[in-house]
1. Using amide H atoms built 1.01 Å from N in the peptide plane, name the residues 5+ places from Tyr60, or on other chains, whose amide H lies under 5 Å from its own.
2. According to a simple spin-label model (label point 7 Å from Cα along Cα-to-Cβ), what is the distance in nm between Asn27 and Thr63?
3. Sum up the charges of everything whose Cβ sits under 14 Å from the Cβ of Leu140, counting Lys and Arg as +1 and Asp and Glu as -1, but leave Leu140 out.
4. From the phi of every residue in region 157-173, what ³J(HN,Hα) in whole Hz does the Karplus formula 6.51 cos²θ - 1.76 cosθ + 1.60 yield, where θ is phi - 60° and glycine or proline is x?
5. Sum up the charges of everything whose Cβ sits under 15 Å from the Cβ of Val4, counting Lys and Arg as +1 and Asp and Glu as -1, but leave Val4 out.
6. Just how large is the dipole of region 108-167 about the Cα centre, in debye to the nearest 20, putting +1 at every Lys and Arg Cβ and -1 at every Asp and Glu Cβ?
7. DSSP loop (so not H, G, I, E, B), at most 14 other Cβ within 10 Å: list which GluC sites (Glu not before Pro) in region 1-56 pass both filters.
8. Please state the shape class of region 117-176: rounded when a/c is under 1.5, otherwise prolate if a/b exceeds b/c and oblate if not, all from the C-alpha gyration tensor.
Amino acid sequence: MILVKDNKLQAELLSSEGTLSNKTIKNYDYIEFKNDFEQIIDILSTNILVHSLYQEYLKYEVTEDLEFKIISNNDLCDCSFTSDIISYEDTSVLTLDRLAYDNSIELCTILLRRVKRSFDKLNEVEKFIIKSLEFDEPKLTDEELIERLMTYKNGYYLFKKSAFIKLGLQLNTKILKQKGDESLIKYKLDENGNKIFIRQ
């Protein structure tokens, strides 16, 4: 249950339903998924700087009640220009290539929306951990999170690993890296001259 009291989330009341089991977690490289997600967060931050004229479309925050908000209500890119290959519901990251984001505000907005959709699919405890470790300033430490969640160390690390693995699987970072990231994204023009991005 999400309850904010005196502008502070009551973390001990959050639901952990749907957390991955220890058996499932052992099948994945949690550290790799964590590093990949941190790279994506770095891309999101850099996008705001590189596309300073479009900052309002690229700003985001995770609120105290665990809602991932994209600040702008106007959609520069609502993914209406995408093809079947890049659907609105897809959460897969299209590329980790910095140059692709430097050259395309549309790819920046797609990435932001896909990170939001992936974050929204986590359970409450997982959202709180990711918010606290990746989006908050200053970030909380593992020890502070264990105390806030009123859990044991082993339980906390289960939640943390589950959160990063779920994000990695939804964002599809492992497959992306296995295929290589060079020239992965191409586009064609539709009948109106709009870009339609395609994955190679």
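Laboratory data are not the source of any read-out in this text; all were calculated from the coordinates shown. Note that the structure is predicted; figures quoted are calculated from it, not measured. Note that each Cβ is placed from the backbone with ideal geometry, even for glycine, and that neighbours are counted across all protein chains shown.
1. Amide H neighbours of Tyr60: Ile71.
2. Roughly 3.6 nm, to one decimal.
3. Details: positive: Lys8, Lys127, Lys131, Lys139, Arg148, Lys160; negative: Glu64, Glu134, Asp136, Glu137, Asp142, Glu143, Glu144, Glu147.
Cβ neighbours under 14 Å give a net charge of -2.
4. My calculation for region 157-173 gives 5, 4, 4, 5, 5, 4, 4, 5, 5, 4, 4, x, 5, 5, 7, 6, 5 Hz in order.
5. Numbers: positive: Lys5, Lys8, Lys69, Lys127, Lys131, Arg148; negative: Asp6, Glu12, Glu61, Glu64, Asp65, Glu67, Glu124, Asp136.
Net of charged neighbours comes to -2.
6. Working: 13 positive and 10 negative charges, 96 e Å.
Once rounded to the nearest 20, the dipole reads 460 debye.
7. Details: sites: Glu12, Glu17, Glu32, Glu38, Glu56; in loops: Glu17.
Counting only loop positions with at most 14 other Cβ atoms within 10 Å, the GluC sites (Glu not before Pro) in region 1-56 are Glu17.
8. prolate
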